[in-house]
Amino acid sequence: MMADAASRDEDVILAVRNLSIALPGKDGPALLVDDVSFDVRAHEVFGIVGESGSGKSLTMLAVLGLLPPPLRMVSGSVKLRGRELSGLSFEEMRSIRGKSMAIVFQDPMTTLNPVLRVGAQIGEAVQLHNPGMSKQDVRNRVIELLTLVGIPNPQQRYRQYPNEFSGGMRQRVVIAMAMANEPDLLIADEPTTALDVTIQAQVMRVLAEVRRRTGAAMVLITHDLGLVAETAERMAVMYGGRMMEQAPAHALFNDPAHPYTAGLIASLPRVDREVRELFSIPGFVPDSAHRPGGCVFHPRCGLANDRAICRERRPEVAATSPGRSVACHFNDETAPWRAAQERAMERPVEARAPSVADDSEPILRVVDLRKEFQIGFSLFGFGRKLPALRDVSFDLIKGRTLSVVGESGCGKSTLARVLLRLLEATGGDVFINGEPFMQMSGPLLRARRRNLQVVFQDPYSSLDPRMTIHEVVAEPLRIHGRYDAKRVDDLLAHVGMPPQTGRRRPSELSGGQRQRVAIARSLALNPDILILDEAVSALDVSIQAQIINLLKSLQAEFGLTYIFISHNLSVVRHISDDVIVMYLGHIVEHGPVRRVFETPAHPYTQALLSSIPHPQSGEESRRKRIILTGDLPNPLAPPTGCAFRTRCFRAAAECERHEPALTARTGADHLSACHFAGQTATARAPGDEG
Amino acid sequence: MMRMDLGTKLMVSLLAIMIAFMIVTPFLPFYDPYGQNLAGSLVPIGGASFDGRLYLLGSDTLGRDILSRLALAGQVSTLIGLGAVSVSLVVGVFLGLVAGYFRGPLEAAIMGLADLQLSIPRVLLLIAVSAIVGPSVANLALLLGLTSWVSYGRVARGMTLSLREREFVLSARTQGATAAWNIRKHLLPNVLPQMLIVASYEFGQIVVMEASLSYLGLGVQPPLPSWGMMVSEGQSYLALAPHLAILPSIALFIMVAGLQFLSQAFTSEGDVTGAPQRTP
């Protein structure tokens, strides 16, 4: 294996050799992880990336000895500082877990026990490995740990319950627990996937800080290539349970040796450039029971070209240069192939078609739309009001794509539901093709609903599990009494699904296929406007690119107007014409995509844009990062004046007194709501990363 | 095939044997649940009367064949159970779906009714009502059904509350589906499998309830036999002829326990709701 030669043995903290994990089944065991080897050296960050089902999390669970039955490690060895772990008893493993190795899981909501005080939970982690420690010492140690992860007022926080912590703060608590015994190795399994980008930046900084203090090595497991590129020194790419490639992080991104890695990188939309069409890896991730023979990637590979060797012989992981290894028969061909892909994707500068004449009547006009939720009821009917949308106004021209971005809780999904009339607005008007949509009711409303259709985020719950795919797509037609089997087949064909798929049920399809079905259903009634509510967020990177390309081609074909709701700014940059940025129910910035991304006017937009990790820029973007302090304020008691001022790096006395209006401050079509709109982020930003 | 542990297998087999017994017995030559024979009063199990007639499971005070009466009583109980379960299933699912889908005052009214009904002891209510309308097999099924819809209603409402927020229901609404459409096409099919599990559990409860009423003399009326009534009749001869009360009790036990184990097995069968399996 590669690492043996390249590094001295004493440097290696974790050595995994030929690890295989099997799931016993009727037709023999299925290998979920197949012959994986890697080393983690002292003090380094080792990134493992892969799509769902690649086996990246299972590998690390096996290292920890936490494989859930009936999964079993069938071969291989795991050595921690030279000590073999694979044969150890449960008791022996327990003395290692939490002391020499610790893990941070994805979801801080479920990692913490809701009925135990935070201090007690961290104290438990301390005491497990220091049974003799006095109560007072444990307490002091916990407060020290809380301080280490940057939790303000640790003395008071010590006595609080997890539900009194925000998501980002909970993840800090989990990190504090993991660091309780200063392990040599920290395993972070998607540590920020459940968090917003601005909070993600905070948590990653905390992780960097605790590692700097304790010198722990870290394995970072993630599907987010940008995040791993910024954080890791060396990385591994896994696919279908096998190791595809290992390399230093910058080398991997600038010069990927495996066609899968190259494809993944090419299929990522990027904030810093525009491309005509995303590259997408064809097909879908095979499930573990039906993996193809030979090279596991060959059916989707751009290099395989149906060559027999790819189908028949499994490529061994081979070192190509010191510190790099790859499992591909034709890795020499990756670089030229990639260059060809890059050329094909490159967008001619004037490419984006100018919008239909600007004086044309907007297809959708939203005027002062408001939505308040009643929270709780008292005897006299005065519940508290939670304002989710405040005076939201915008116009949308036919054929364009408007994106709505913002962190969770900003009101973007509420906006979608109010527009769809799944929730009733508290005030304001919406006009579709000039008709007032909010006043409609009964049969007229049901008839007009077809103008506005939706694709939801979760491909698992958007299709009725008891219907066949044909029935799902036929449903809107049946509702309006216009069922036509041929039209259903046509719709399926438009989203790239053969008509035979109609006989299958949702549970037989993959996430990407289900999302295609959901899109076909939303097109059945020939809508004018399609709301895409995080429609690609739940999908794997390679599948996400397929769906984005599909959406763009459908838009061109049918002249659809999109409202694209997303927290993924790179995707937004790629797909939209105009962008709305929301914060606490307000629109804080609205303008053409290029203006908003290149010269963001509002400090919130500037912070959002700077928090996106992206693969190529590395160090440079890290230095310019604006890390917002704190969390979203309590929406029940929003700050006076400008809602953003509590987290704003540019806040002044004026912001407390006057709420800035949304007006054109930096150009006619570029609206923003900030007293200091347009000042560049670097001018006064407290940027640097710890 | 579902997996069962040993106890479940035993109870379910006993239940199957008893059902077979209830079906087959009427075709046997000696089948005669009503015929009285004063020469054959209180014959013990396997004994014969003075006039030489053989009673496999003995006879009662009037010399009626207990084997035949047990089988007929079983049929009566099953019939009442099936009738009552159907009534309560239809009423409960309907009210539960309506309450869960429309929310608001309608939900408050329906669930309030359910709470009200639970607060009145059911046997007391049944005694009062059956005293007024008079006991008959049909009345009994209807009464038992109308008083046991609450379990279905609650479960159906609970499931509807979460289903109505699922994206496939929302998306049908945005396509212009009416409430009736959503309830019929999306909610009912997804709720029904769970309801059948509730029904298998409730069936046993209904059988016990019918037995209790008949025991009190308010259920099935003589000469039609019922297990509850047979226990009640046999009780006076507990010392002299214990099988009179014990045999129908055993039958009742097998029926209820068997159903209970069966419904347990259904429940643990896992994905009964057709909910998607989230495999990555």
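The values are calculated or read from the model by the stated rules, or taken from the named source; none is laboratory data. Note that the coordinates shown come from a computational prediction; the quantities given were computed from them, not determined experimentally. Quick reminder, even Gly has a Cβ in these numbers, built from the backbone with ideal geometry, and neighbours come from all protein chains shown.
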Pick from the range A:478-488, criterion in a loop (DSSP other than H, G, I, E, B) and without any contact (Cβ under 8 Å) to a residue 12 or more places away in the chain, ranking: farthest from the other protein chains (Cβ to nearest Cβ)
A:D484
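Using the structure shown, decide if A:E475 is within 14 Å of chain B (Cβ to nearest Cβ), out of contact with any His (no Cβ under 7 Å at 6 or more places or on another chain), surrounded by fewer than 19 Cβ atoms within 10 Å (Cβ to Cβ) and closer than 17 Å to B:S171 by Cα.
On the way: within 14 Å of chain B (Cβ to nearest Cβ): yes; out of contact with any His (no Cβ under 7 Å at 6 or more places or on another chain): yes; surrounded by fewer than 19 Cβ atoms within 10 Å (Cβ to Cβ): no; closer than 17 Å to B:S171 by Cα: yes.
When the stated conditions are applied, A:E475 does not pass them.
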Would you be able to tell me the number of residues in the range A:452-472 that are surrounded by fewer than 21 Cβ atoms within 10 Å (Cβ to Cβ) and part of a helix (DSSP H, G or I)?
2
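Does A:K412 satisfy the condition of being away from chain B (no Cβ under 14 Å), buried (at least 19 other Cβ atoms within 10 Å of the Cβ) and of a type in the set (K, R)?
Details: away from chain B (no Cβ under 14 Å): yes; buried (at least 19 other Cβ atoms within 10 Å of the Cβ): yes; of a type in the set (K, R): yes.
When the stated conditions are applied, A:K412 passes them.
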Hey, among the residues in the range B:164-179 that are assigned to a helix (DSSP H, G or I) and of a type outside the set (D, E, K, R), which one's farthest from the other protein chains (Cβ to nearest Cβ)?
B:A179
Among the residues in the range A:163-171, are any charged (D, E, K, R) and assigned to a loop (DSSP other than H, G, I, E, B)?
no
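Of the residues A:L509, A:L525, which single one is surrounded by fewer than 23 Cβ atoms within 10 Å (Cβ to Cβ) and within 9 Å of another protein chain (Cβ to nearest Cβ)? If you could, list the steps in order and put the result at the bottom.
Values: A:L509 fails: within 9 Å of another protein chain (Cβ to nearest Cβ).
The conditions single out A:L525.
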Only one of these is touching a Gly at 6+ places or on another chain (Cβ under 9 Å) and either buried (at least 16 other Cβ atoms within 10 Å of the Cβ) or over 30 Å from B:I110 (Cα atoms) (or both): B:R69, B:R53. Name it.
B:R53
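Assess whether B:R154 counts as being within 14 Å of another protein chain (Cβ to nearest Cβ) and surrounded by fewer than 23 Cβ atoms within 10 Å (Cβ to Cβ). I'd like the intermediate steps shown before the answer.
Values: within 14 Å of another protein chain (Cβ to nearest Cβ): no; surrounded by fewer than 23 Cβ atoms within 10 Å (Cβ to Cβ): yes.
Spelling it out, it is not the case that B:R154 is within 14 Å of another protein chain (Cβ to nearest Cβ) and surrounded by fewer than 23 Cβ atoms within 10 Å (Cβ to Cβ).
Please list, ordered by residue number, the helices (runs of 4 or more DSSP H) wholly in the range A:44-133 having 1 or more residues that are away from every other protein chain (no Cβ under 14 Å) and closer than 30 Å to A:H290 by Cβ.
Values: elements: A:56-64, A:90-96, A:108-111, A:118-129.
So the answer is A:56-64.
Yes/no matrix, rows are residues, columns are (1) over 19 Å from the mean Cα position of the chain (by Cα); (2) part of a loop (DSSP other than H, G, I, E, B); (3) surrounded by 24 or more Cβ atoms within 10 Å (Cβ to Cβ):
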position: A:E209; (1), (2), (3): yes, no, no
position: A:G226; (1), (2), (3): no, no, no
position: A:M243; (1), (2), (3): yes, no, yes
position: A:A247; (1), (2), (3): yes, no, yes
position: A:L252; (1), (2), (3): yes, no, yes
position: A:P256; (1), (2), (3): yes, yes, yes
position: A:Y260; (1), (2), (3): yes, no, yes
Condition check for A:V418: within 26 Å of A:V197 (Cα to Cα), surrounded by 15 or more Cβ atoms within 10 Å (Cβ to Cβ), within 14 Å of another protein chain (Cβ to nearest Cβ) and not polar (S, T, N, Q):
yes
In the range A:478-499, the residues that are surrounded by fewer than 20 Cβ atoms within 10 Å (Cβ to Cβ) and over 21 Å from A:I547 (Cβ atoms):
A:R478, A:H480, A:G481, A:R482, A:Y483, A:D484, A:A485, A:K486, A:R487
Which one of these is surrounded by fewer than 19 Cβ atoms within 10 Å (Cβ to Cβ) and not in a helix (DSSP H, G or I): B:L161, B:L218, B:L224, B:L196?
B:L224
Over the range B:180-191, the set of residues under 16 Å from B:V90 (Cβ atoms) and facing chain A (nearest Cβ under 9 Å) is B:P189
Conditions: (1) without any contact (Cβ under 8 Å) to a residue 12 or more places away in the chain; (2) loosely packed, with under 14 Cβ neighbours inside 10 Å. A:D368 meets all but one. Number of the miss?
(1)
Single unsatisfied condition, A:S462 versus (1) out of contact with any Ser or Thr (no Cβ under 9 Å at 6 or more places or on another chain); (2) at the interface with chain B (Cβ under 9 Å from one of its Cβ atoms); (3) not aliphatic (A, V, I, L, M)
(1)
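Do you know which residues across the range A:39-48 are over 26 Å from the mean Cα position of the chain (by Cα) and not basic (K, R)?
Filtering the range A:39-48 down to residues over 26 Å from the mean Cα position of the chain (by Cα) leaves A:39, A:41-43.
Within the range A:39-48, A:D39, A:A42, A:H43 qualify.
In the range A:440-451, how many residues are within 7 Å of another protein chain (Cβ to nearest Cβ) and buried (at least 16 other Cβ atoms within 10 Å of the Cβ)?
Taking the range A:440-451 and keeping what is within 7 Å of another protein chain (Cβ to nearest Cβ), we get A:446-447, A:449-450.
Next, from what is left, pick out any that are buried (at least 16 other Cβ atoms within 10 Å of the Cβ): A:446, A:449-450.
The number of residues fulfilling the criteria is 3.
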Enumerated helices (runs of 4 or more DSSP H) restricted to the range A:491-607, each holding at least 3 residues that are in the same structural domain as A:P635 (by TED's automatic domain parsing) and hydrophobic (A, V, I, L, M, F, W, C):
A:593-598
